[in-house]
1. Tell me which of M68, G40, L80 sits at the most positive position along the dipole axis of region 35-80, charges placed on C-beta atoms (Lys, Arg +1; Asp, Glu -1).
2. Could you work out the per residue convex hull volume over the alpha carbons of region 52-148, in cubic angstrom?
3. For a footprinting-style exposure proxy, rank Y157, Y342, Y74 by other Cβ within 10 Å, fewest first.
4. Out of the GluC sites (Glu not before Pro) in region 40-132, which ones are loop residues according to DSSP with at most 14 other C-beta atoms within 10 Å?
5. How large is ³J(HN,Hα) for each residue in region 45-51, as worked out from phi by the Karplus curve 6.51 cos²θ - 1.76 cosθ + 1.60 (θ = phi - 60°), to whole Hz, x for Gly and Pro?
6. What is the sum of charges, Lys and Arg at +1 and Asp and Glu at -1, for the other residues whose Cβ falls under 13 Å from the Cβ of M263?
7. Jot down the radius of gyration and Dmax of region 95-179, Cα atoms only, both in angstrom.
8. Rounded to whole Hz and in sequence order, give me ³J(HN,Hα) for region 370-377 from the Karplus expression 6.51 cos²θ - 1.76 cosθ + 1.60, θ = phi - 60°, writing x for Gly and Pro.
Amino acid sequence: MSERDTICALASGQPPAAICIIRLSGDRIWKLAGALLDCGLPEPRHATLTKFRDEDGNLIDEGLVVFMPGPHSYTGEDTLELYLHGGPAVITHAISTLTSEPGVRLAEPGEFTRRAFEAGKIDLTEAEGVADIIEAETNAQKAQALRQLTGGLTEQYDQLRADLTGILALIEVVVDFPDEEDAPEETTAPVIRKLTRLIHEIEEALGDRGIGEKIRDGFRIAIIGAPNAGKSTLLNRLAGRDAAIVTSTPGTTRDVIEVRRVMGGQVVWLSDTAGLRETQDEIEAEGVRRAERVAAEADLRLFMVDGGAPELGVLNSLFRQTTDIVVVNKADTELAAGLPEYDYKISAKDGDGVPELEAALADFISNKAASVEAPVITRARHRARLVDGLACLIAARDALELCTGPELAAEDVRLAIRHLGAVVGSVGVEDVLGAVFPQFCIGKCPLGFEATSRYIAAF
């Protein structure tokens, strides 16, 4: 068909609920309103009470409808929102009626926001901010998402690109007028200085220890130690539930068990790991390898020591970090002599000392998150583009310093501009769009009609 499909989706959470929102966007809004709404196409931006009927005239529901004509809408297209009762039967009847109309279909995950991006309403980082604010569990995640949604990252990347564009212009002077007496004799020197400043700026952004990504995805705390040191018991205590199996048999925990918590105002993943020891059991050995990998990647490691029978070799089996916390467990029993220096003494079984330990973990995570005031990088995609852009800028500076040709330097700067532009979606982003926008699906609707796997796709 010549005109673009009109899309519809449930823009609210899973039913049942008191109210649901069904959103439509596209050129057929006026036809749908005339055919299915008793009020016809309502006055723009005014909530109108009306009856919503199917193609046979059967009443679906009575509710409010709001019409937002393009281009002054979220998608830039004509948009209609139906506010109906949020029962499964109402939603099923409404969606089925809408998608039975010619030129109307269910939205793909993230398609509303993709259309907003394509219409120039938002850039790619702002689109990601929409997804992040929907998923935000903590105030820190919300604040970071709002900053991104309202253009905070865009301003920073646009400034970098503007600075590089100015540098490129200076290099082009050397390229275009190499023999002109009017060309500045020391053109390359200020260009090198400007390049060096931007290189340091990007290096500083990349040296943020991944704080922006961790605020978004969660910090990680690994609980490690010898078998039967009380790791699983502590995890269950911190989780407030029986997340891990606890037995007296050494080697019960074979795989990594993760629990999601909010601590210190941040999302935290607590990992219970297999006991560290030499073993001939192939499955347990794989568990040990996974434990070591999780420990190496964690933001904080808790070394659990059995206070009654300490195995000090575990403390030396992994490279110790200054931030590691040593916890002596089983303080409810008689402690053995020769215990190592420790930070906390607890009884994971009875809970003694656990509140103090938990407070320390929360403080650590809170301080770590606050170590970077306003992260420039919030996703791995941003980091990859900055790394590529940085490599191009270093190559450009080297070309100017070694006098290998301003043409090469100019091309490297152009590539750097493209890499930075891809972060906000201004150039060369088709390869990433498919990975960005499918994240916007709020959930799956347990209703029995075709394509329910993408039934709820609000944004």
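1. Result: M68, furthest along the dipole toward the positive end.
2. 130 Å³
3. Y342, Y74, Y157
4. Sites meeting the loop and neighbour criteria: E55.
5. These are the phi-based 3J(HN,Hα) values: 6, 10, 5, 10, 7, 7, 9 Hz.
6. Residues close to M263 contribute a combined charge of +1.
7. For region 95-179, the Cα-based Rg and Dmax read 20.5, 72 Å.
8. So the J values, rounded to whole Hz, are 7, 5, 10, 5, 9, x, 7, 10.
Readers should treat all values here as calculations from the given coordinates under stated rules, not as data from a laboratory. Please read these numbers as outputs of a predicted model, since none were measured by experiment. Reconstructed Cβ throughout: ideal geometry from the backbone, glycine too, with neighbour counts over all protein chains shown.
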